[in-house]
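Structure first, then comments.
The values are calculated or read from the model by the stated rules, or taken from the named source; none is laboratory data. No experiment lies behind these values; they were computed from the predicted model shown. Cβ placement follows ideal geometry from the backbone for every residue including glycine, while neighbour counts extend to all protein chains displayed.
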Amino acid sequence: MDRDILPHKPGYLLLNAIQYPVEASIQVGPATGKPFVDYMSRYRNTIRLICLVHDKNKGELRWEKGAKVVDYADFEIMKVGLKTTAPVLFGGGASKVRIPATNDLSIDSPDDVDKVIDALKNERKRYRYVSFHPQGTCRMGADPRKSVVNPLGETHDVKNLYVADASLMPTSTGYNTQESVYALSSYVADQINKAHP
């Protein structure tokens, strides 16, 4: 799968993850009453598998007939990742694979994986997905027309405003950026200290 996470070919990476009870409780749909209590009473029998999407950094927001339309190309990559995740979970003994959504969306058998996932539509506020490693929104560079911050981490537009996180990266890396952020933030901190002795 590593060949699918390179920037020239966006894809996904499967990772195991710990999901604490409080976090699990906000991903249940419907999130009240008996369905919620039933789900949480079986929490100890659940496992979480992450499909980390390496995004294309492409999408479009536009108005059509007075309504906002979000065209997010990465949704289709997410569906491909889900089609890989679900069989892994069923293969490990899962009796049901739950898709975090505002409705009670689940896959009840390996035979239903394609049917359920193919039917998913990119609907506003439908899915309870999160981005753990957002990157690339404050690109670093010398040219203010192509970047948000200069090579020292200071914004081109506001003097003494520095950025020291994963948003400095030019694009998504497709993986956890923790160590890269440590290095970037240390570098930017050094630049701040040099500028303000």
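Of all the listed residues (66, 59), the sole one being of a type outside the set (D, E, K, R), modelled with pLDDT of 80 or more and farther than 22 Å from residue 116 by Cα is 66. Only one of the numbered conditions (1) without any contact (Cβ under 8 Å) to a residue 40 or more places away in the chain; (2) buried (at least 17 other Cβ atoms within 10 Å of the Cβ) is violated by residue 106, and that is (2).
Scanning the range 1-49 for residues that are in contact with a Leu (Cβ under 8 Å, 6 or more places away or on another chain), of a type in the set (A, V, I, L, M, F, W, C) and modelled with pLDDT under 75, we see that the one that is farthest from residue 177 (Cα to Cα) is 1. For beta carbons closer than 9 Å, sequence separation of 6+ or different chains, a first residue in the range 111-126 that is part of a helix (DSSP H, G or I) and a second that is acidic (Asp, Glu), the qualifying pairs are 116/108. Just to be sure, is residue 146 among the basic types (Lys, Arg), without any contact (Cβ under 8 Å) to a residue 24 or more places away in the chain and assigned to a helix (DSSP H, G or I)? Considered against the rule, which asks whether it is among the basic types (Lys, Arg), without any contact (Cβ under 8 Å) to a residue 24 or more places away in the chain and assigned to a helix (DSSP H, G or I), residue 146 comes out as no.
Regarding the range 78-91, can at least one residue be identified that is under 30 Å from residue 47 (Cβ atoms), basic (Lys, Arg) and touching a residue at least 12 places away in the same chain (Cβ under 8 Å)? For the range 78-91, residues under 30 Å from residue 47 (Cβ atoms), basic (Lys, Arg) and touching a residue at least 12 places away in the same chain (Cβ under 8 Å): present. With respect to residue 188, determine if the residue is at pLDDT 95 or above, of a type in the set (A, V, I, L, M, F, W, C), crowded, with 16+ Cβ neighbours inside 10 Å and not in a loop (DSSP other than H, G, I, E, B). Against the criterion (at pLDDT 95 or above, of a type in the set (A, V, I, L, M, F, W, C), crowded, with 16+ Cβ neighbours inside 10 Å and not in a loop (DSSP other than H, G, I, E, B)), residue 188 qualifies. Between 147, 109, the distinction of being modelled with pLDDT of 80 or more, closer than 26 Å to residue 82 by Cα and either touching a His at 6+ places or on another chain (Cβ under 6 Å) or among the polar types (S, T, N, Q) (or both) belongs to 109 only. If you go through the range 88-110 and pick out every residue that is closer than 16 Å to residue 48 by Cβ and part of a helix (DSSP H, G or I), you end up with 4.
Apart from one condition, residue 164 fits all of (1) modelled with pLDDT of 90 or more; (2) within 24 Å of the chain's Cα centre (by Cα); (3) within 23 Å of residue 24 (Cα to Cα); (4) of a type outside the set (D, E, K, R); the exception is (3).
Screening 69, 116, 53, 80 for residues that are touching a Lys or Arg at 6+ places or on another chain (Cβ under 9 Å) and among the aliphatic types (A, V, I, L, M) leaves exactly one candidate, 69.
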